[in-house]
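Some notes on the structure that comes next.
The values are calculated or read from the model by the stated rules, or taken from the named source; none is laboratory data. Bear in mind that the values here come from a model prediction, so they are computed numbers and not experimental data. Cβ: placed from backbone, ideal geometry, glycine included. Neighbour counts: every protein chain shown. To get the accessible areas, we keep the full protein, side chains included, count just its heavy atoms, and leave off ligands, DNA and RNA. Shrake-Rupley method; radii C 1.70, N 1.55, O 1.52, S 1.80 Å.
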Amino acid sequence: MDDGKRGLEENIANVERLPLPIPITNAREMKMSKCESIQFQLPVGNGVVPPKPWTVKAATLLIDVVCAVVVCRILESGRFRNWQDWIWSAWGLAVDAELHRGRTWIRGLVTLVACASFALLVNPSLWAWCVIVPLVGAAVLLRLPQSNKWYACAAAAEDIERLAWWRKVARVAYRTLIALPFVIASLCAFLIVPEIPGMRKFARLCDYPTKDALIAAEPQEVSRTIDFTQNGTNYTAVVLSCIGFLPSGPAVIIYDADGYLIDRCSDSGDNMSFNERWHFNFAGENQKEIERSNP
C-alpha cells in the first residue's frame, strides 16, 4: 500500500516537472502552429515548408507546357522580331518561375488568366486549346485540398520571413510588374468572352462567297438590302440583324456590283471609320449618288 502511494506521488512530481506548453499569443504563431500540424502529416523537406504535393507539381508542369506552347507559336509565326513578343514571353516565364518557387500570390493570377483564356475561342484552333486546357487544369489543381494545405504552410513560412524594408518594396514592385499586364489583358478578355457567339456568327455570315448566296442560305438573318452609288460605282449594303453582346447598331456587309464582299462591320453604330467610308441611307429610300473626294 505504501509502495503504491509512493509511486503515485513520484508520478505527480514528474508531471509537475514537465515544461508547460507555450501559449500561442499572435496570428503569426497561429500560422506556424498550423504549418507544424501540416508538417506532422507530410514528410518534412528542407526548411519549414514540406515537399510539394502532386497537385502543385502537376500544375507547375502544366504551366511549363503553356510557356512552351506560347514560345513555339511565336517561333512558328516568325514574330519574335517584335519586342512585344519578347516582353510577353518574359512575363510568362516570370509567372512560371514564381509558381516553381511556391509563391502563394501566384495562384490567384493563374486562376484569373485561366478564366480569361476562354477569349481564345474567338478563333478556335489547336494552338488555342493547347493553351486553354493546361491553364484551366493548372487553376483547378492549385485549388484542390492538397494544394490548399501546402500553400497554407508556404504562406506561414513566407509570413515569418524576415526581410529588410527595401527588399519588401522591391518584392511588391516586382509582383506588381508581373501581375499588372496579365490583369489588364484578363479584363480585356472578360469583355471579349460575351462577344464570342456573335463574333463567330458574323464570321459565318461573311464566309458566303456572294451576296446572293448569303440571302439564299440565311434569309432570316438579312434585315434589308440597300443599293446605292458612291463615287460613280454601284454597291449593295446588306443590313443584318444586331449581332453580339449589347450592340449599338446592326451588322452591315458591303458588296460590289458583282455581289462580292468588299467590306464589313459587325456593329455599325460603334464603328466610326466604317460610317466614314460608306455613305448610304439605312432606311433605303431615295438613294442618291454620293460623291466623295479622295484625300
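Okay, here's what the table says:
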{"quantity": "Total residues in region 269-279, condition in a loop (DSSP other than H, G, I, E, B) and open to solvent by less than 60 Å² (accessible area, probe 1.4 Å)", "calculated": "3"}
{"quantity": "Scan of region 117-133 for residues that are at pLDDT below 85 and buried (at least 18 other Cβ atoms within 10 Å of the Cβ), ordered by number", "calculated": "119, 120"}
{"quantity": "Top-ranked residue in region 212-268 [being assigned to a loop (DSSP other than H, G, I, E, B), touching a residue at least 40 places away in the same chain (Cβ under 8 Å) and among the hydroxyl-bearing types (Ser, Thr, Tyr); ranked as most open to solvent (accessible area, probe 1.4 Å)]", "calculated": "260"}
{"quantity": "Single unsatisfied condition, residue 203 versus (1) of a type outside the set (D, E, K, R); (2) in a helix (DSSP H, G or I); (3) under 23 Å from residue 92 (Cα atoms); (4) under 24 Å from the mean Cα position of the chain (by Cα)", "calculated": "(3)"}
{"quantity": "Every pair of residues 6+ apart whose Cβ atoms lie under 6 Å, when the first sits in region 147-166 and is without any contact (Cβ under 8 Å) to a residue 60 or more places away in the chain while the second is surrounded by 11 or more Cβ atoms within 10 Å (Cβ to Cβ) and basic (Lys, Arg)", "calculated": "none"}
{"quantity": "Selection from region 173-193 of residues that are open to solvent by less than 40 Å² (accessible area, probe 1.4 Å) and among the β-branched types (Val, Ile, Thr)", "calculated": "178"}
{"quantity": "Hey, residue 105 over 18 Å from residue 132 (Cβ atoms), of a type in the set (A, V, I, L, M, F, W, C), at pLDDT 80 or above and open to solvent by less than 90 Å² (accessible area, probe 1.4 Å) or not", "calculated": "yes"}
{"quantity": "Lone qualifier among 212, 207, 159 - being of a type in the set (Asp, Glu) and either in contact with a helix residue (DSSP H, G or I) (Cβ under 6 Å, 6 or more places away or on another chain) or modelled with pLDDT under 85 (or both)", "calculated": "159"}
{"quantity": "Looking only at region 90-102, and only at residues there that are open to solvent by less than 50 Å² (accessible area, probe 1.4 Å) and aliphatic (A, V, I, L, M), the one that is nearest to residue 144 (Cα to Cα)", "calculated": "99"}
{"quantity": "Within region 29-68, considering residues that are at pLDDT below 85, of a type in the set (A, V, I, L, M, F, W, C) and part of a helix (DSSP H, G or I), the one farthest from residue 136 (Cα to Cα)", "calculated": "30"}
